[in-house]
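Novice: One structure coming up, written as structure tokens, with questions to follow.
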Amino acid sequence: MKCFSCKSDTMEQSSSTYTAQAANCIIIIKNVPCMKCRQCGDVIYNTKILKKIEEIIGRIESMASEVAIVDYQKSA
């Protein structure tokens, strides 16, 4: 797979940290599966992962105060 940013062929399975700003808090999701470019570090999430991220954000948003940090592997 080619990287959308730098066009190199160095995308590989990895994990990353996803950060979102919700209405009332900042949500940090660690260990999210992704494809990451070894050259530029650009990250791509597949549709299944993005849907799961949306579910996690929806659950956390109603409970969180200002900052919430969750582990994707434990929340998925």
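Derivation of every value follows stated rules applied to the coordinates shown; laboratory data play no part. What you see is a predicted model, and the numbers here were worked out from it, not measured in a lab. Backbone-built Cβ (ideal geometry, glycine too); neighbour counts: all protein chains shown.
Novice: So, with +1 on the Cβ of K and R and -1 on the Cβ of D and E, and no other charges, what is the size of the charge dipole of the chain about its Cα centre, to the nearest 20 debye?
Specialist: With Lys and Arg at +1 and Asp and Glu at -1, about 240 debye.
Novice: Sticking with this structure for a sec: Just to verify a number: FRET efficiency for Cys6 and Ser62, C-beta to C-beta distance, R0 = 30 Å, to 0.05?
Specialist: So, using R0 = 30 Å, E works out to roughly 0.20.
Novice: So what are the radius of gyration and Dmax for the Cα set of the chain, in Å?
Specialist: 13.7, 41
Novice: Next question, about the same structure. Amide H neighbours of Ile26 under 5 Å, at least 5 residues apart or on other chains, H built in the peptide plane: list them.
Specialist: The answer is Val67, Ala68.
Novice: With a Förster radius of 22 Å, plug the Cβ-Cβ distance of Ile69 and Ser15 into 1/(1 + (r/R0)^6) and report the FRET value to the nearest 0.05.
Specialist: So, using R0 = 22 Å, E works out to roughly 0.90.
Novice: Still on this structure, please answer the following. Putting +1 on Lys and Arg Cβ atoms and -1 on Asp and Glu Cβ atoms, find which of Ile57, Tyr18, Met35 reaches farthest to the positive end of the dipole of the chain.
Specialist: Met35
Novice: Peptides 23-34, 7-18: what's the order by average Cβ count within 10 Å, highest mean first?
Specialist: Put in order of decreasing packing, that is 23-34, 7-18.
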